[in-house]
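Trainee: Can you keep this structure in mind? I'll have questions shortly.
The values are calculated or read from the model by the stated rules, or taken from the named source; none is laboratory data. Remember, it's a predicted structure, so these values are computed and weren't measured experimentally. Cβ placement follows ideal geometry from the backbone for every residue including glycine, while neighbour counts extend to all protein chains displayed.
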Amino acid sequence: MLDHGTPEHAASDPIAAHRHRLRHSAAHVMADAVLQLFPDAKVAIGPPTADGFYYDFEVERPFTPEDLERIEALMLETIRSNTPFVREELDRPDAQSMFAAQPFKQEIIDDLPDETTLSIYRHGAFTDLCQGPHVDRTGDIAAVKLLHTAGAYWRGDENRPMLQRIYGTAFESRQELDAHLERLAEAERRDHRALGRQLNLYTVHEDIGPGLIVWHPKGGVMRSLIEDYWRAIHYRRGYSIVYSPHIGRARLWQTSGHLDFYRDSMYAPMEIDEQEYFLKPMNCPFHIQIYRSALRSYRELPLRIAELGTVYRYERSGVLHGLMRVRGFTQDDAHIFCLPDQVAAEVGDVLDLTFEIMSAFGFDEYDIMLSTCPDKFVGEPDMWEHATESLRAALVSRNLPYAIDDGGGAFYGPKIDVKIKDALGRDWQCTTVQFDFNLPERFDLTFQDDQGNRSRPYMVHRAILGSLERFFGVLVEHYAGAFPLWLAPVQATVIPIADRHIPYANQVAEQLQDAGYRAEVDDRSERMNQKIRQAQLQKTPYMLVVGDREQEANAAAVRTRDGENLGALPLTEVLQRLDAELEGTPAAATRRRP
């Protein structure tokens, strides 16, 4: 397949380049094994990925776990045979003839430009249309493992055939493979979808619709805590927080360009008073209308408008994934309207705000990318240069390491992307700082400068968390559901040993609640150990067990979710411990206390 060449990141990194070839070669070995076991299978594409490889097949029935075991066994035989990979070039008629029984290959060949050099790779009796590169011999594939299967539409089009995709991975050694498999197992234990159910945080319902999140009370508590902190820090940073409608007239989206460039991701219009309205996919046109609602002077700039704005975007059902990919989500959106000479300072402030917020949630490792002007762009070159250098200056002044994505900016402006790393070292795209030279022109935004002339403001889009839904999913997986005390939906569960201790348990819970803590009493007719176990499964930070002795001493026997037994502590000491643990967290400023 001619779309499997070495990517740029691999080309510049010898280790990544070798791993790319290794996994690409493993994909061919897997396709060979599948065709040996399923001779009528139609093969599609099989690229390497960041963590492994996959190959898509059209077969009569879905693959089973037993099939994967048989396929992997055949792969190991081919690897042990140490068969060479051989590259050949051929003309288009020969390629079409060679793959006459493979319709997906035929389509790939037909779609390639006439000047494309067609090549194949052979190992043994297997031949695949492929650009390469590969390792020298099958024996160079030191360690391989097939992981799972999934359905995948041909070329991602739900109107095309549904294929069966087999995922696998390969490494240079068995030790590296075993370490990777352990990381995958740990990632599965942290899966926010399973933990979301276990901890009763949120659900998705078919009656409501896929990709639409229903927040349960515990998830709602956490979301409120995140939002309270977000609002408090934004007010402190000089932002004005606004609210905007969930729908807007078609002419708004026509002016913004969304109907021309983003229509496929927007939901069908609704008719109101013989006018078409659309659910909003973005918040920016509404913030622009706020800017336009008055004549602006240079003295008013920078104007920072922020919103926790819920938007709706059409996503194919096949790509929906828990909280990470949804159809309705809330962005922590903001737009900064400023003067050209204010840009560097504003971008710097956004970066400072980003790292302050992320650190509060426990993220301290980042990868940063600066994306520059693409071939096709709007605006003047000198504006692009000024904006790009302003972004660069903000990074350099803070000694932040970054990579350049040359030409990777949007057509309307350069940008900075910040990816956070979670507890497993995985990257998550959250923060984006994006210039926009397009919308100020489309909406004819102006301000009166110090000479009394009309000038065009610079406009910066920025989101820090990205979306509350996705960020919440990242938090769940980062902490494996064991949230820090300030974020935990229930901070303490009071457990009476017997029914006669329930009144005292309620008194303890009330004392904690009066001090601003989220405490509940487990007064179910269950054994004490079962209640402790349930609280641990719910990952409640503290369990306060109370019986006769604790009641007499106005105390509680304190246990942690990690199994540590702190013994009986006076309630005043319990509160001091909780207060100390909250010191320095967002809750220290936002917690409601008497």
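Trainee: Kindly check whether there is at least one residue in segment 41-63 that is in a helix (DSSP H, G or I) and touching a Lys or Arg at 6+ places or on another chain (Cβ under 7 Å).
Mentor: Applying the first criterion (in a helix (DSSP H, G or I)) to segment 41-63 yields none.
No, segment 41-63 has no match at all.
Trainee: THR572 passes all but one of (1) without any contact (Cβ under 8 Å) to a residue 24 or more places away in the chain; (2) β-branched (Val, Ile, Thr); (3) surrounded by 13 or more Cβ atoms within 10 Å (Cβ to Cβ); which number fails?
Mentor: Of the numbered conditions (1) without any contact (Cβ under 8 Å) to a residue 24 or more places away in the chain; (2) β-branched (Val, Ile, Thr); (3) surrounded by 13 or more Cβ atoms within 10 Å (Cβ to Cβ), the odd one out for THR572 is (3).
Trainee: Let me ask something else. Restricting segment 257-291 to residues that are closer than 24 Å to ARG325 by Cβ and among the hydroxyl-bearing types (Ser, Thr, Tyr), which is nearest to the chain's Cα centre (by Cα)?
Mentor: Step by step, filter segment 257-291, then rank; the result is SER265.
Trainee: Considering ILE233, ILE241, which residue is out of contact with any strand residue (DSSP E or B) (no Cβ under 9 Å at 6 or more places or on another chain), touching a residue at least 12 places away in the same chain (Cβ under 8 Å) and not polar (S, T, N, Q)?
Mentor: Working: ILE241 fails: out of contact with any strand residue (DSSP E or B) (no Cβ under 9 Å at 6 or more places or on another chain).
Unique residue meeting the criteria: ILE233.
Trainee: Right, here's the next one. Of everything in segment 153-172 that's small (Gly, Ala, Ser) and at pLDDT 95 or above, which residue is surrounded by the fewest Cβ atoms within 10 Å (Cβ to Cβ)?
Mentor: As a first pass, look at segment 153-172 and keep what is small (Gly, Ala, Ser): 156, 168, 170.
If we keep only those that are at pLDDT 95 or above as well, we get 168, 170.
Details: GLY168: 24, ALA170: 28.
Applying the filter and picking the extreme gives GLY168.
Trainee: For residues in segment 186-212 being over 15 Å from PHE329 (Cα atoms), over 19 Å from the mean Cα position of the chain (by Cα) and not charged (D, E, K, R), which is surrounded by the fewest Cβ atoms within 10 Å (Cβ to Cβ)?
Mentor: HIS205
Trainee: Restricting attention to segment 153-174, which residues are touching a residue at least 12 places away in the same chain (Cβ under 8 Å) and part of a loop (DSSP other than H, G, I, E, B)?
Mentor: Of everything in segment 153-174, those that are touching a residue at least 12 places away in the same chain (Cβ under 8 Å) and part of a loop (DSSP other than H, G, I, E, B) turn out to be GLU158, PRO161, GLU172, SER173.
Trainee: Checking GLY481 against (1) assigned to a helix (DSSP H, G or I); (2) at positive phi; (3) among the small types (Gly, Ala, Ser), which test does it fail?
Mentor: Of (1) assigned to a helix (DSSP H, G or I); (2) at positive phi; (3) among the small types (Gly, Ala, Ser), only one is false for GLY481: (1).
Trainee: Tell me yes or no: at least one residue of segment 413-426 is among the aliphatic types (A, V, I, L, M), touching a Pro at 6+ places or on another chain (Cβ under 6 Å) and touching a residue at least 40 places away in the same chain (Cβ under 8 Å).
Mentor: Residues of segment 413-426 among the aliphatic types (A, V, I, L, M): 416, 418, 420, 423-424.
Then keep just the ones that are touching a Pro at 6+ places or on another chain (Cβ under 6 Å); that gives none.
So far as segment 413-426 goes, no, none of its residues is among the aliphatic types (A, V, I, L, M), touching a Pro at 6+ places or on another chain (Cβ under 6 Å) and touching a residue at least 40 places away in the same chain (Cβ under 8 Å).
Trainee: Does PRO285 meet the test of being under 20 Å from ARG462 (Cα atoms), in contact (Cβ under 8 Å) with a residue 12 or more places away in the chain, in a loop (DSSP other than H, G, I, E, B) and not hydrophobic (A, V, I, L, M, F, W, C)? Write out each step before concluding.
Mentor: Numbers: under 20 Å from ARG462 (Cα atoms): yes; in contact (Cβ under 8 Å) with a residue 12 or more places away in the chain: yes; in a loop (DSSP other than H, G, I, E, B): no; not hydrophobic (A, V, I, L, M, F, W, C): yes.
No.
Trainee: Then there is this: Does VAL221 meet the test of being in contact with a Pro (Cβ under 8 Å, 6 or more places away or on another chain) and closer than 22 Å to ARG313 by Cα?
Mentor: On the way: in contact with a Pro (Cβ under 8 Å, 6 or more places away or on another chain): yes; closer than 22 Å to ARG313 by Cα: no.
When the stated conditions are applied, VAL221 does not pass them.
Trainee: Consider segment 350-363. How many of its residues are over 17 Å from the mean Cα position of the chain (by Cα), surrounded by fewer than 18 Cβ atoms within 10 Å (Cβ to Cβ) and in contact (Cβ under 8 Å) with a residue 40 or more places away in the chain?
Mentor: 2
Trainee: If you check PRO489 against the conditions, is it of a type outside the set (Phe, Trp, Tyr) and either touching a strand residue (DSSP E or B) at 6+ places or on another chain (Cβ under 8 Å) or closer than 29 Å to ILE420 by Cβ (or both)?
Mentor: Details: of a type outside the set (Phe, Trp, Tyr): yes; either touching a strand residue (DSSP E or B) at 6+ places or on another chain (Cβ under 8 Å) or closer than 29 Å to ILE420 by Cβ (or both): yes.
Judged against the criteria, PRO489 is a match.
Trainee: Can you tell me which residue within segment 422-468, out of those that are surrounded by 18 or more Cβ atoms within 10 Å (Cβ to Cβ) and of a type in the set (D, E, K, R), is farthest from the chain's Cα centre (by Cα)?
Mentor: ASP436
Trainee: Sort out which residues of segment 292-320 are under 30 Å from the mean Cα position of the chain (by Cα) and among the aliphatic types (A, V, I, L, M), and write them in order of number.
Mentor: Correct list: LEU303, ILE305, ALA306, LEU308, VAL311, VAL319, LEU320.
Trainee: Hey, can you tell me all the residues within segment 64-76 that are assigned to a helix (DSSP H, G or I) and either over 16 Å from ARG122 (Cα atoms) or not assigned by TED's automatic domain parsing to the domain that holds ALA26 (or both)? Please lay out each step first, then the result.
Mentor: Going residue by residue through segment 64-76, those that are assigned to a helix (DSSP H, G or I) are 65-76.
PRO65, GLU66, ASP67, LEU68, GLU69, ARG70, ILE71, GLU72, ALA73, LEU74, LEU76 - these are the residues of segment 64-76 that are assigned to a helix (DSSP H, G or I) and either over 16 Å from ARG122 (Cα atoms) or not assigned by TED's automatic domain parsing to the domain that holds ALA26 (or both).
Results for (1) within 18 Å of ALA580 (Cβ to Cβ); (2) more than 35 Å from the chain's Cα centre (by Cα); (3) in contact (Cβ under 8 Å) with a residue 60 or more places away in the chain, shown as yes or no for each residue.
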residue: VAL476; (1), (2), (3): no, no, yes
residue: TYR479; (1), (2), (3): no, no, yes
residue: PHE483; (1), (2), (3): yes, no, yes
residue: ILE495; (1), (2), (3): no, yes, no
residue: GLN513; (1), (2), (3): no, no, no
residue: ALA519; (1), (2), (3): yes, no, no
residue: ALA557; (1), (2), (3): no, yes, no
residue: THR560; (1), (2), (3): yes, no, no
residue: GLY563; (1), (2), (3): no, no, no
